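Each remark here refers to the structure printed beneath this line.
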């Protein structure tokens, strides 16, 4: 299928882009999600505003230990270390597991978050990292925690004409540790289950994430000994909590997600030992 | 065999890859014509319904068409002479009733595809829904036939019913199982594509089609359009894969050809991936209920089977719904001996896209059922699955051997291929490796499958399936040119098989010319002699045989001219290095070509006037097919917490008779195996209870990818066929036949301790994990029983 007709502009600056978009246009960057939707005519916006090259969306810097990544930074740039990393390797590792290299060359961090597919890697990785989303729009700028930015399957807090411009991570300490595990039928596919864990004693942060659940990611309330669990005991303990939080989930769903989280925790622990 | 290094058996790179790998292939989407219109179809959103209204906005008159506009065009009607077969009329655009989601109802044309889709988007036909036949069960239960004049929902039922009385007292076990191979899409890299235009100069309708069978498409189009064959030319340019998908006449092909006649402008339609997944023909969906009667050692005495094929809404032309069913009843016994055989196969009409042959044609299904059954028998009698196979396989000493289904096996040592894959996987040491892995919490399994690949089966076989077009002789034209290079023209089509190389190798073998002096031309009914085309692993045998025969005749004529030019005795000359040598003279093929075409004064007046262009036709003396064979072996590791299966090792020992190009055989074998791995683990075209397709993009329909592939190791043996020129057998389909069985057998071995057994493809992580979790729960609930 071919896309329905649309107007296309590529403004040079953020202010121009916001003005050009008005309230009806869609922003487009890497086009790895929107492109297929346009071609399938699942989306028929009257106009596209290309923000792929906006300087305001292409930056990457560390300020006060906090990493700021522009929304149009590509998966490949994160994978390749072309932008700074304050997560002890988590961001490049997650990037490396996204789809295929051809997708990573074009797809962007912000595009992935704004598309809000529950099985997408950045949706889950940024949630477990406790990222904040910087939004610009016709009524000015605002900042939301990613867990509020994401509202559900393909739903975000972005209003008409609003654009995600930057993602900001907490100032992780040297003692920050992470684990991320994806269950997928094959390499490059969207995950059927994602488990992720981040622990930073300096920030008093212990995040246990259950992702790819057809809703925004689930952060399990931390519990004593969670990071020490291993093997079948870990799957059982996490499974019980997942089943309680997601009562509609069947046994396979719970087991895959519990396994993903157990393996993420195991990786976090292995990293700490290394 | 001659000493030249580009003949039969040479490992040479594929000639066609030079253009294909450098992006210079010419596919239908690459063609450009002035005033070209692009077409898009309005397709039924419901599985079954009556078209109540189909209004065309006034401004679209002349650019949107429906069946009512196509007066005089006949529906695609795939007839069969088999008794009881019920015929379906498949109109190019739905004739009042739609019978599957995706069925073309109207077509729009515009200068670009996007604009054509805009026009389609403005159509809103109203369709009164009818109850859908979503699967075999509901179709068999329904009292309302899908097609007018039918008595039930069976295209065809085939039956074989031996008396089992002779087995009395010898049967130790009756092993019963049900198997299911789910529905698939075929996914060639290039979808279907058609471009048609009227050529005033030639007074012909020229139809470019992405097809495997240009000559047959020509016949089918002529029938539907009522055009004389002489006014129809079909050209298949580069075709990006076929696998069986492109061996049928498709309704879109008829519609586009008709539009070109109607509009007097070139019209093109290129199938997109969504159309392919939703509306394209499907394949593979078989269900089996089987009972194997065996003795205490697992020797197969008799086999009973009931088989159902979900044949979809229409019978495809020319292969019909009879091909798959016929292949099932004929190939289910496989390479095994048995005394009696009882089998019923039903081709059932449902509200799904039509079913068409796909690489392996029914044999992946029957081999899956039979090879899973072999392992089930082994478990029942307590022997190793390989031992049970050796107990039952037809052996080299038995050859030639006519099996229970009257398949005439020509040559081969079937057990040796199994021995070979066992060695390649170190079968003897596997139990120890498995036990060591188990200590680390890893679950390893090993599995095997053995099969025969009937190839190049001809007239008698296809006639027995009652098809509207039955293959007979295949033609080849060879022409020695004035500069001593050779043109080879064949009616088959090469779209991944490497035949521009392998057929040139056969010509090289016969003429001693180097490959670069030989040009193979195919895919144009205006230029090539008739062949029914490329399918059924037939082309290297049929076209290869025709090329060989034509070259032999041509070289006979060249020899006569060489003797005339050299003024010597023809019998004294030997053909070597592109020249006739001996008796103190050397006359090259170039000398001969030049003399014949440009300098006839060099020839004596009395020289034979047959010329240097030869067309010959060929079919093997025995036309029931030649039998390639192979065994596959797989080692898998199963992740019992995610349900994923990793292929640790995969080996194939195959024999396709004389190898024309071992690298091409490897490529065909690996390509087939990858598709078989797709069947085993990934590919499924699911439908809901309303017969709505649930996979319309590759996000939902999973194909195997490079990351999932093990390094496939292949061993060859060469047992020539006595029936064919050069002893060649076919090999295009074989790789796809065995992987589902080899892999699922391996998984079942890996998970034996859980008591689970998988008999359905694809074995998805979800299916696997559901069964393992249920088994673990049951074990946890009954620990005492396990201890006992």
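Read-outs: derived from the displayed coordinates by stated rules, not from any lab. Treat the numbers as computed from the prediction; the structure is a model and nothing was measured. Neighbour counts are summed over all protein chains in view; Cβ atoms, including those assigned to glycine, are modelled from backbone coordinates with ideal geometry.
How many percent of Cα pairs in region B:130-232 exceed 15 Å? Counting every Cα pair in region B:130-232, those more than 15 Å apart make up 81 percent. Residues of region B:627-664 with an amide N closer than 15 Å to a point placed 7 Å from the Cα of residue B:716 along the Cα-to-Cβ direction: B:628-630, B:652-664.
Placing pseudo-labels 7 Å out from each Cα toward the beta carbon at residue B:262 and residue B:571 gives an inter-label distance of 6.8 nm. Placing a pseudo-label 7 Å from each Cα along the Cα-to-Cβ vector at residue A:148 and residue B:460 gives an inter-label distance of 8.2 nm.
Using only alpha carbon pairs under 8 Å that are at least six residues apart, calculate the relative contact order of chain B and give it in whole percent. The normalised contact order for chain B reaches 16 percent.
Using Cα springs under 10 Å in a Gaussian network model of chain A, which residue among A:198, A:73, A:252 shows the largest mean-square fluctuation? Ranking A:198, A:73, A:252 by mean-square fluctuation puts A:252 first.
For the Cα trace of chain B, dividing Rg by the Kirkwood Rh returns an Rg/Rh value of 1.00. The stretch between residue A:23 and residue A:250, if pulled fully straight at 0.36 nm per residue, gains 77.7 nm over its current Cα-Cα span. Antiparallel beta bridges, as assigned by DSSP with both residues in chain B, represent about 75 percent of the total such bridges. The radius of gyration of the Cα set in region B:677-788, together with its Dmax, comes out at 20.0, 66 angstrom.
Shape class of region B:488-607 from the alpha-carbon gyration tensor: prolate, with a/c at 1.5 or above and a/b greater than b/c. Eigen-decomposition of the gyration tensor built on the alpha-carbon atoms of the protein assembly as shown gives equivalent ellipsoid semi-axes of 51, 38, 31 angstrom, largest listed first.
The base-10 log of I(q)/I(0) for chain A, evaluated at q = 0.07, 0.13, 0.15, 0.17 Å⁻¹, reads -0.25, -0.84, -1.09, -1.35 [Debye formula, identical scatterers on Cα atoms, solvent excluded]. Can you give the FRET efficiency for residue B:142 and residue B:79, using 1/(1 + (r/R0)^6), R0 = 22 Å, r = Cβ-Cβ distance, to the nearest 0.05? Here the calculated transfer efficiency is 0.35. For the pair residue B:189 and residue B:405, label points projected 7 Å from Cα toward Cβ lie 3.3 nm apart. Note on region A:7-50: Rg/Rh from C-alpha atoms, Kirkwood Rh, equals 0.98. Can you figure out the FRET efficiency of residue B:178 with residue B:776, using R₀ = 30 Å and their beta-carbon distance, to the nearest 0.05? Once rounded, the FRET efficiency stands at 0.80. For region B:19-175, the alpha carbon convex hull comes to 256 Å³ per residue, rounded to a whole number. Please say if region A:177-273 is rounded, prolate or oblate, where rounded means a/c under 1.5 for a ≥ b ≥ c the square roots of the C-alpha gyration tensor eigenvalues, and otherwise the choice is prolate for a/b larger than b/c and oblate otherwise? Taking the square roots of the gyration eigenvalues as a ≥ b ≥ c, region A:177-273 is prolate. If you model region A:128-172 as an ellipsoid using its alpha carbon gyration tensor, with each semi-axis the square root of five times an eigenvalue, the axes come out at 18, 14, 6 Å, biggest first. Taking 45 Å as R0, compute the FRET efficiency from the Cβ-Cβ separation of residue B:35 and residue B:703 and round it to 0.05. For R0 = 45 Å, the calculated efficiency reads 0.75. Note on region B:314-448: semi-axes of the ellipsoid equivalent to its C-alpha gyration tensor, largest first and rounded to whole Å, are 33, 21, 13. Calculated on the Cα set of region B:1-89, radius of gyration then Dmax: 24.3, 71 Å.
Counting 0.36 nm for each residue step from residue B:583 to residue B:5 and taking away their Cα separation leaves a gain of 205.5 nm. Three principal axis extents of region B:515-670 based on alpha-carbon atoms, in descending order, are 84, 36, 29 Å. One decimal place: the segment residue B:598-residue B:20 gains 204.6 nm when fully extended, by the rule 0.36 nm per residue minus the C-alpha distance.
With Rh defined as the Kirkwood radius, the inverse of the mean 1/r over Cα pairs, the Rg/Rh of region A:1-121 is 0.99. Scoring B:347-354, A:240-247, B:78-85, A:5-12 by mean Cβ neighbours within 10 Å over their residues and listing the highest first yields B:347-354, B:78-85, A:240-247, A:5-12. Sorting the Cα pairs of region A:55-168 by distance into bins of 5 Å, from 0 upward, gives 2, 13, 24, 28, 20, 10, 3, 0 percent per bin.
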